[in-house]
Ligand code: KG4
Ligand code: ZN
């Protein structure tokens, strides 16, 4: 089965072709980062308009690369939510238009389910069940994943998401938008031991997170050292990253213990963070569990994860939905859907 995947929930237009026998045949992406950078964040109206401009040329590029035509497509998957309503409508409209024109099923995919299942596109891929750490710009969640659509929320952030904490901290350190990768790069040059920042909720006894205080601690530290010289800025980045990575990795370990599972899957944009990967790899070797990541290019938003999740749902759950978008959509509700 050849599935076309369309993603337009935020500031990236992603298109991919996934074949259930041959795997990922093509994926193309356009990031709007440069367009939004001058505003310091995503401007929803600009995002929607840009998705409209990009989505069909990207689809054509995928078909060309895969050596396929529209007639070869068996099903179309699109991100139904959560995300920006206007942005979501682009992929929804294209998917449903193509579905009618080609007479093929159309399936709405939960964006986070896309991220959650994306490590299954890696080689080697984990088998169910596993614990998933979902760390994106909008979410930080630990889930027990026992199968497609079988997700149990173990814990989540009470305030800022991990990616949001990276981005807000980067912004207050003058590193631009989106700041996660920039902060992480600067942290590599810094000394993580010069400053010690709090590890919020490390010993809370549950699997929830809170990162808003960490950002405030950085603000206080920054004010104390103003004007910031470059080495100090790098040291603060390193201290921030070390605190966040320690909390994330220790809570992953606690989630594995609580569920009795021995496989961890990391998904979402922050999963691209090198320090986080190193910390988890070290922990995995020491505590004898296995850790899986999506290929680096598929950590942040992309069409491949949507095509893949759509294919899984069509194969395992045979669920094709009506034309809708859901700007707000709780992942845990999928089990009941
Ligand atoms: O999953 P994603 O592409 O979009 C959402 O669904 O939110 O994640 C984007 C987030 C941003 O907050 C970005 O700063 C963060 O992932 N991010 C990183 C890195 N690469 C992306 N954070 C830390 N280190 C990175 N290398
Ligand atoms: Zn995402």
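Here are the numbers for this structure:
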read-out	value
Where a label projected 7 Å from the Cα of residue 193 along Cα→Cβ would reach, residues of region 226-250 with amide N under 14 Å	239
Residue among 61, 22, 212 with the largest mean-square fluctuation in a Gaussian network model of the chain, springs linking Cα atoms under 10 Å	22
Degrees between helix 85-102 axis and first principal axis of the chain (Cα, 0 to 90, nearest 10)	30 degrees
Whole-angstrom gap from region 200-216 to region 105-133, using each part's C-alpha centre	26 Å
Radius of gyration and Dmax over the Cα atoms of region 58-209, both given in Å	19.8, 62
Packing rank of 323-329, 281-287, where each peptide gets the mean count of other beta carbons within 10 Å, highest leading	323-329, 281-287
Candidates 65, 156, 12: whichever shows maximal mean-square fluctuation once the chain is modelled as a Gaussian network with Cα springs under 10 Å	65
Between 0 and 90°, nearest 10: helix 44-66 axis offset from the chain longest Cα axis	60 degrees
Cβ-based exposure ranking for 118, 136, in which fewest neighbours within 10 Å come first	136, 118
Ranking of 100, 148 by count of other Cβ atoms within 10 Å, fewest first	100, 148
Isotropic mean projected area of the C-alpha convex hull, the chain (nm²)	16.4 nm²
Among 31, 13, 140: highest mean-square fluctuation, GNM of the chain, C-alpha pairs under 10 Å	31
Highest to lowest packing among 264-273, 35-44, 244-253, scored as the average C-beta count within 10 Å	264-273, 244-253, 35-44
Residues 168, 290, sorted so that the one with the fewest Cβ neighbours within 10 Å comes first	290, 168
Region 142-180 and region 25-73: distance between their alpha carbon centers, rounded to Å	24 Å
Tail weight of P(r) past 25 Å, computed on alpha-carbon pairs of region 128-293, percent	28 percent
Helical contribution to [θ] at 222 nm, DSSP H n ≥ 4, -39,500 (n - 2.57), averaged over the chain, rounded to 500	-13000 deg cm²/dmol
Kirkwood Rh and Cα Rg combined as Rg/Rh, region 22-136	0.98
Protection proxy ranking of 222-231, 84-93 - average other beta-carbon atoms within 10 Å, highest first	84-93, 222-231
FRET E, pair residue 203, residue 127, Förster distance 30 Å, beta-carbon r, rounded to 0.05	0.40
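Read-outs throughout are calculated quantities, based only on the coordinates presented, and are distinct from any laboratory measurement. The structure presented is a predicted model; accordingly, all values stated were derived computationally and were not measured. We place every Cβ from the backbone using ideal geometry, glycine too, and count neighbours over all the protein chains shown.
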